[in-house]
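This report refers to the structure that appears directly beneath it.
The values are calculated or read from the model by the stated rules, or taken from the named source; none is laboratory data. Everything quoted here is computed from the prediction, not taken from an experiment. Cβ placement follows ideal geometry from the backbone for every residue including glycine, while neighbour counts extend to all protein chains displayed.
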Amino acid sequence: MQIPDWYTGSDDSGRVAAGIERAIERMDDRTADHSDISDLQALLAVEKEVNWRNFLSGLIGTIHYDLEEIDSARSVLEESISSYKVYLETFDEVLSVYCQSCYTLGVILFDDGRYGEAIPYFLRCLPYMDEVYDDTYIGHIYTFLSLCLSWTNQGGYSVVFAEASAFIRRCDCESLEQLMVAFGDVGEVDKATDVFHLLQRHCQDYENYDRVLEYAEQNLGESGIVN
């Protein structure tokens, strides 16, 4: 069997590469299930290269997450991420699953309210995300980081990522709301007010616009009073 160029692992039979392609195709189609997990676990007995083994584990963890088996996903992804060796040449070929694993584990911890623990996993995405993600995913990473930093009382850092999120997301209403709050949290009331005025002009149909108005009235003084 011909080995595809993208695969740089240890298996020269083609079995691992074919198994990866099959699993990813089913994941993309939202049809991956426990049979795929079993197949990928069997490939771990074949694959010897460390980063490609963690690639396989990352797929397994992601399938658990997609099946809403959150505890299993958390356990597998934590082990996978901690075992990558970024200093090996093969790391470049496994970036996509490494970043997805970091992102997914970050989301799991965020949903658990473990914001401080989530931060390092979102940060791990930053150096590589331009190689892997489109603007939508990058915006999500910035948003999660801003929220996590805000909710762990790191307001100055939260502003940095709130600004980046607003830029990359083309100042959509959600990112503008977050930016307003981030400015308010660090006492930059004038900037928060400027963003509030943008929300007034462009986001009155935003589903959380009432929350925006409530924040402004409680935190921006006379500037937050709606005429």
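Couple of notes before you dig in:
- Selection count where residues are exposed (fewer than 15 other Cβ atoms within 10 Å of the Cβ), within 26 Å of E68 (Cα to Cα) and without any contact (Cβ under 8 Å) to a residue 24 or more places away in the chain, scope the range 1-38: 8
- Positions within the range 81-92 being in a helix (DSSP H, G or I) and more than 15 Å from C125 (Cα to Cα), in sequence order: S83, E89, T90
- Counting only residues that are buried (at least 19 other Cβ atoms within 10 Å of the Cβ) and either of a type in the set (V, I, T) or not in a helix (DSSP H, G or I) (or both), the range 155-167 holds 1 of them.
- Residues satisfying the stated conditions in the range 139-154, i.e. assigned to a helix (DSSP H, G or I) and of a type in the set (S, T, Y): Y142, T143, S146, S150
- Tallying residues that are surrounded by fewer than 20 Cβ atoms within 10 Å (Cβ to Cβ), of a type outside the set (F, W, Y) and over 11 Å from F55 (Cβ atoms) within the range 75-100 yields 9.
- Total residues in the range 54-80 satisfying the condition of being outside any helix (DSSP H, G or I) and either modelled with pLDDT under 95 or more than 17 Å from the chain's Cα centre (by Cα) (or both): the figure is 2.
- Against the test of being in the same structural domain as Y215 (by TED's automatic domain parsing), of a type in the set (G, A, S), modelled with pLDDT of 95 or more and touching an Asp or Glu at 6+ places or on another chain (Cβ under 7 Å), the options S146, S150, S165 yield a single qualifying residue, S150.
- Restricting the range 16-53 to residues that are of a type in the set (D, E, K, R) and either assigned to a loop (DSSP other than H, G, I, E, B) or outside the structural domain of I3 (by TED's automatic domain parsing) (or both), the residue that is farthest from W6 (Cα to Cα) is D33.
- Residues of the range 126-137 that turn out to be assigned to a helix (DSSP H, G or I) and touching a Leu at 6+ places or on another chain (Cβ under 9 Å), as a count: 2
- Candidate set from the range 175-191 (those that are out of contact with any Leu (no Cβ under 8 Å at 6 or more places or on another chain) and part of a helix (DSSP H, G or I)); member that is farthest from V160 (Cα to Cα): D190
- Being surrounded by 14 or more Cβ atoms within 10 Å (Cβ to Cβ), touching a His at 6+ places or on another chain (Cβ under 9 Å), assigned to a helix (DSSP H, G or I) and modelled with pLDDT of 95 or more is a property that Y103 has.
- Filter pass, Y115 being in contact with a Ser or Thr (Cβ under 8 Å, 6 or more places away or on another chain), modelled with pLDDT of 95 or more and in the same structural domain as E68 (by TED's automatic domain parsing): yes
- Pairs with Cβ under 8 Å, 6+ apart, first in the range 79-91 and farther than 15 Å from I60 by Cβ, second among the acidic types (D, E) and surrounded by 12 or more Cβ atoms within 10 Å (Cβ to Cβ): T90/E49
- When the range 137-155 is limited to residues that are of a type in the set (S, T, N, Q) and in contact (Cβ under 8 Å) with a residue 24 or more places away in the chain, the one that is farthest from I168 (Cα to Cα) turns out to be T152.
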